[in-house]
Each structure stands twice: as structure tokens, then as C-alpha cells.
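Right, one structure below, let's go through it.
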Amino acid sequence: MVKVYALIPKRPDITDEFFHQHWISPHGEMACGMAPLQGYIQAHRIAPGVAGLTDSIYEGIATVWFVDEAAAGSMGEDPTYANHVGPDEKNFIDLERLAFLFTNEHVQREEHAITKDEPGTKVMLLLRRAAGLAPADFAAQVAGVDLAGAVPGAHRVSVAVATASMYADGAEPVFDAIVELEFSTAADCDSAWSGAGSTVLGALDGAIDASASAGFLSDELRLLWPVKS
């Protein structure tokens with residue numbers, strides 16, 4: 001299974017409200033009809049972001065699962081995408097800045113199986129590796145940081161690192177890894193990050209370029225859930 005992030009900036013000529021409403025319906029509803037998708041979550045941005053990191057340029061982040069990278073790479077051939085989802089993207093997305101990240105996920109803590117309609121707030125750390133650090137070394141360092149121990153209040157903690165294909169032929173992904181910290185409520189999230197945020201970023205300091213990394217705070221909407229196994 002491969003976990004793919006779509007990092008979505010909104011069109012500059014539309015409101016935040018229009019972006020979020022349109023992304024849910026009709027766009028999200030149409031996307032649920034795409035056969036290759038094994039799971040689909042929308043993360044809707046909450047201002048002002050994550051303390052300690054620059055706020056990201058994205059208004060939303062979609063997380064989708066595919067059986068493998070080949071299935072993810074051929075998504076554009078799906079009839080529902082080609083005829084409905086793809087053509088709709090221009091109605092609310094700044095397509096020039098739209099970015100994708102293929103990842104392998106490492107789960108450090110999962111206290112319970114999250115239900116489709118369970119409320120929650122998520123901190124997402126969009127990480128760029130430090131200058132001179134090879135992607136494989138970066139992935140090993142980040143995956144080895146005990147983030148779950150640093151943030152005991154998060155009921156789910158995961159690190160998703162870019163797949164090798166993201167670096168093929170000298171390419172560079174927009175980010176090298178995404179850390180996700182999930183909380184039951186916004187209050188739990190605020191309390192945990194205010195107490196542990198500096199510790200988390202300090203633990204990652206040797207591996208990341210903080211100036212090129214970003215934070216994203218979101219509410220989740222689970223559209224295709226749970227992920228098919």
C-alpha cells in the first residue's frame with residue numbers, strides 16, 4: 001500500500017469558504033467513485049497553523065491510498081477522474097502550485113481504530129531534509145525519532161517518508177516526509193503542541209531544514225474509510 005498526499009493550494013480569486021465547500025461537494029463526492037482509491041481523507045486547514053514552523057501555502061491536503069505506486073501513477077486513466085474529478089480541479093485549485101508526494105508510512109502509535117465520523121484535529125509537519133543529507137539517511141533519521149514519546153497526548157502518531165521514486169532522475173519532491181499527530185479535540189491538540197512542540201522540532205533538528213519545512217493544522221473529513229486492506 002502506498003500513501004499519497006495531494007498538497008492543494010486554493011485559487012487566489014476564490015474565498016476560503018468556497019474552496020472548502022466545493023472540495024467536499026461536489027469534488028470529494030465525485031472522487032469517491034474512483035476505483036483505484038483504497039482510502040480518502042480530506043484535511044481542511046485551520047488558521048493560524050503550527051507554532052514553530054512557517055504556515056504552509058496549502059488550504060487543504062488530501063490523503064489517498066493505493067495498492068501500489070503503479071496504481072497511484074495511473075490514477076489519471078480512471079474514467080471517473082478523467083471525466084469528472086480532473087476537469088473539476090481548475091474550479092478551486094491553483095494547479096500551478098499543486099504538488100503530490102508518494103510515501104511509505106511508519107506508524108509509531110495507534111491507540112484505537114479511528115472511525116469514519118470520529119472528530120479530531122491533526123498537526124501535520126511538512127518536512128524538508130537538511131542540506132547535504134541523502135534521502136535514505138534522512139528517512140532513517142526521521143523514522144528513528146521517538147515522536148510518540150515526545151507527544152503522549154496524540155492518539156495516533158505516524159511518519160510518512162517519500163518513496164525512492166520521488167527522487168528518480170535527480171528529481172526533488174516538495175517535501176521529504178510528513179509527520180502526522182492526531183488528537184481527539186482542538187483543545188487537546190493546542191495543549192499538547194504548546195507543551196511538546198519545541199521538543200519535537202528539536203528532536204528533528206539535525207535531519208530537517210526548518211526554514212524550508214512548514215506546518216499544517218487541520219480538521220479531518222474521512223470520505224473513504226477505513227482504508228481497504
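The values are calculated or read from the model by the stated rules, or taken from the named source; none is laboratory data. Since the model is a prediction, treat every value here as computed from it, not as a measurement. We place every Cβ from the backbone using ideal geometry, glycine too, and count neighbours over all the protein chains shown.
Among the numbered conditions (1) touching a helix residue (DSSP H, G or I) at 6+ places or on another chain (Cβ under 7 Å); (2) under 21 Å from VAL161 (Cβ atoms); (3) surrounded by fewer than 17 Cβ atoms within 10 Å (Cβ to Cβ), the only one that GLU110 does not meet is (1).
Note on the range 56-70: among residues that are surrounded by 15 or more Cβ atoms within 10 Å (Cβ to Cβ) and of a type outside the set (A, V, I, L, M), the one that is nearest to the chain's Cα centre (by Cα) is THR63. For beta carbons closer than 6 Å, sequence separation of 6+ or different chains, a first residue in the range 70-87 that is in contact (Cβ under 8 Å) with a residue 12 or more places away in the chain and part of a helix (DSSP H, G or I) and a second that is of a type outside the set (A, V, I, L, M, F, W, C) and surrounded by fewer than 17 Cβ atoms within 10 Å (Cβ to Cβ), the qualifying pairs are THR80/GLY33. If you filter the range 71-100 down to residues that are touching a strand residue (DSSP E or B) at 6+ places or on another chain (Cβ under 9 Å) and of a type in the set (A, V, I, L, M, F, W, C), you find that the one that is surrounded by the most Cβ atoms within 10 Å (Cβ to Cβ) is ILE93.
Only one of VAL67, VAL2 is within 30 Å of ALA196 (Cβ to Cβ) and either touching a Pro at 6+ places or on another chain (Cβ under 9 Å) or touching a residue at least 12 places away in the same chain (Cβ under 8 Å) (or both). Can you tell me which? Unique residue meeting the criteria: VAL2. Yes or no: the range 114-121 includes at least one residue that is in contact with a helix residue (DSSP H, G or I) (Cβ under 9 Å, 6 or more places away or on another chain), surrounded by 13 or more Cβ atoms within 10 Å (Cβ to Cβ) and modelled with pLDDT of 95 or more. Scanning the range 114-121 turns up at least one residue that is in contact with a helix residue (DSSP H, G or I) (Cβ under 9 Å, 6 or more places away or on another chain), surrounded by 13 or more Cβ atoms within 10 Å (Cβ to Cβ) and modelled with pLDDT of 95 or more. Taking every residue in the range 158-184 that is under 13 Å from LYS3 (Cα atoms) and pairing it with any residue that is at pLDDT below 95, at least 6 positions away or on another chain, the pairs with Cβ-Cβ distances below 7 Å are VAL159/ALA143; VAL161/ALA143.
Of all residues in the range 203-229, those being assigned to a loop (DSSP other than H, G, I, E, B) and either crowded, with 20+ Cβ neighbours inside 10 Å or charged (D, E, K, R) (or both) number 5. Within the range 167-199, the set of residues being more than 17 Å from GLN141 (Cβ to Cβ) and either among the hydroxyl-bearing types (Ser, Thr, Tyr) or in contact with a Pro (Cβ under 7 Å, 6 or more places away or on another chain) (or both) comprises SER184, THR185, SER191, SER194, SER198.
Can you confirm whether VAL200 is part of a helix (DSSP H, G or I) and either within 26 Å of PHE100 (Cα to Cα) or acidic (Asp, Glu) (or both)? For VAL200, the condition - part of a helix (DSSP H, G or I) and either within 26 Å of PHE100 (Cα to Cα) or acidic (Asp, Glu) (or both) - is met.
Modelled with pLDDT of 95 or more, within 21 Å of ASP209 (Cβ to Cβ), acidic (Asp, Glu) and not in a strand (DSSP E or B) - does that describe any residue in the range 90-110? Looking through the range 90-110, none of the residues is modelled with pLDDT of 95 or more, within 21 Å of ASP209 (Cβ to Cβ), acidic (Asp, Glu) and not in a strand (DSSP E or B). Within the range 123-151, the only residue that satisfies the criterion of being without any contact (Cβ under 8 Å) to a residue 24 or more places away in the chain, within 18 Å of THR199 (Cα to Cα) and either touching a strand residue (DSSP E or B) at 6+ places or on another chain (Cβ under 9 Å) or in a helix (DSSP H, G or I) (or both) is GLY149. Residues in the range 28-40 that are more than 18 Å from the chain's Cα centre (by Cα) and not hydrophobic (A, V, I, L, M, F, W, C): GLU29, GLY33, PRO36.
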